[in-house]
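Since the structure comes first, as structure tokens, the remarks are kept for the end.
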Amino acid sequence: MTKQNINNLDFSKLNGLLPAVVVDNNNNQVLMLGFMNRDALEKTLETKLVTFFSRTKNKLWTKGETSGNYLKLINIKSDCDNDSLLIFAEPAGNTCHTGNYSCFGVENFHSINFLNNLFNLIKQRKKNLPENSYTTKLFKEGANRIIQKVGEEAVEVLIAAKNRDKKEIINEASDLIYHLLVMLAEQEIEFSEIVQNLESRHKE
């Protein structure tokens, strides 16, 4: 969402306010519900820190301005009626004032959604080739080098597994998954295609 899109929103139904559901961008867990007026939304877009309108104090407040547990803005989407917002954010600590991860009592967990974010980042690296990036270096070295790295990391996983070294298995498996995603991006295969293929096999 941009400042230009704000004019498409309907602030009339709740006296100038829109309900805003905040979800953790890392795992899509619901963190909290707040309300935004136009000023709060514009400040959120400007500062990239989620800001609400406090109905009790009748003023803007940036989540985390007291606790330090800010919500870093990733993306904002409006619903089909343009009168509610879904905010994707990265929480800097627990969101609820009680000290809990979420105001709704849900637990924080690591999700496959991180792999989607990582794969999207890898594709951006392939497109933009920023300097001082290991991913850029791999793409510049070409397909053969990327394929070689996948093979090398696979062997490292096998060695760690043979030695029953849990810490090394985790480290080497992480390296393997990362290089596998790089190879998929180089081959122009979407990560979602792999997930869909696994889902189809599961149904069979």
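Read the figures in this text as sums done on the coordinates, not as results from a lab. Just so you know, these numbers come straight off a predicted model, no measurement behind them. For neighbour counting, all protein chains shown are included, and Cβ atoms are generated from backbone atoms with ideal geometry for every residue, glycine included.
Brief remarks follow.
- You can think of it this way: the chain between Glu107 and Asp83 has 5.8 nm of extra reach, that is 0.36 nm per residue less the Cα-Cα gap.
- With kT/(6 pi eta Rh) evaluated at 10 °C and eta = 1.306 mPa s, and Rh the Kirkwood radius from Cα pairs, region 3-91 diffuses with a coefficient of 123 µm²/s according to Stokes-Einstein.
- Added length on full extension, which subtracts the Cα-Cα distance from 0.36 nm per residue, Asn58 to Ala154: 28.8 nm
- GluC sites (Glu not before Pro) restricted to region 72-159 and DSSP loop, no more than 10 other C-beta within 10 Å: Glu107, Glu131
- The chain - mean residue ellipticity at 222 nm from DSSP helices (-39,500 (n - 2.57) per run, n ≥ 4, rounded to 500): -14000 deg cm²/dmol
- Under 19 Å of direct C-alpha separation, and excluding same-chain neighbours fewer than eight residues apart, Lys127 reaches these lysines: Lys137, Lys140.
- In a DSSP loop and with at most 16 other Cβ atoms within 10 Å, the trypsin sites (Lys or Arg not before Pro) in region 158-192 are Arg164.
- Listed by chain and number, the lysines whose C-alpha is less than 16 Å from the C-alpha of Lys59, apart from same-chain residues fewer than 8 away, are Lys43.
- Distant-in-sequence amide H partners of Ile74 (H built 1.01 Å from N, under 5 Å): Phe88, Ala89, Glu90
- Two-decimal Rg to Rh for the chain - Kirkwood Rh, Cα set: 1.07
- Taking other Cβ atoms within 10 Å as a rough exposure proxy, Val182, Val157, Val22, Val195 sort from fewest to most as Val195, Val157, Val182, Val22.
- Scalar couplings 3J(HN,Hα) for region 13-25, obtained by applying the Karplus form with A = 6.51, B = -1.76, C = 1.60 to θ = phi - 60°, are 6, 10, 6, x, 10, 10, x, 10, 8, 9, 10, 6, 5 Hz; x denotes Gly and Pro.
- Rough spin-label spacing in nm, given labels placed 7 Å along Cα→Cβ, for Arg145 and Phe11: 5.2 nm
- With Cα atoms, 0 to 90° folded angle of helix 143-162 axis to the chain main axis: 80 degrees
- Cα long-axis angle, helix 38-47 against the chain (0 to 90 degrees, to the nearest 10): 30 degrees
- Folded to 0 to 90 degrees: helix 166-186 orientation relative to the chain principal axis, Cα: 80 degrees
- Cα point-scatterer Debye curve for region 113-203, base-10 log of I(q)/I(0) at q = 0.14, 0.15, 0.21, 0.22 Å⁻¹: -0.56, -0.64, -1.07, -1.11
- Whole-Hz ³J(HN,Hα) from phi, Karplus 6.51 cos²θ - 1.76 cosθ + 1.60, for region 64-78, glycine and proline x: x, 5, 9, 7, x, 8, 5, 10, 7, 5, 10, 6, 10, 10, 9
- Neighbourhood charge, 15 Å Cβ-Cβ cut-off, centred on Glu172 and excluding it, Lys, Arg +1 and Asp, Glu -1: -1
- The alpha-carbon of Lys162 sits under 21 angstrom from the alpha-carbons of these lysines, leaving out residues fewer than 8 places away in its chain: Lys149.
- Its Cα centre serving as origin, region 3-91 has a Cβ charge dipole (Lys and Arg +1, Asp and Glu -1) of approximately 260 debye.
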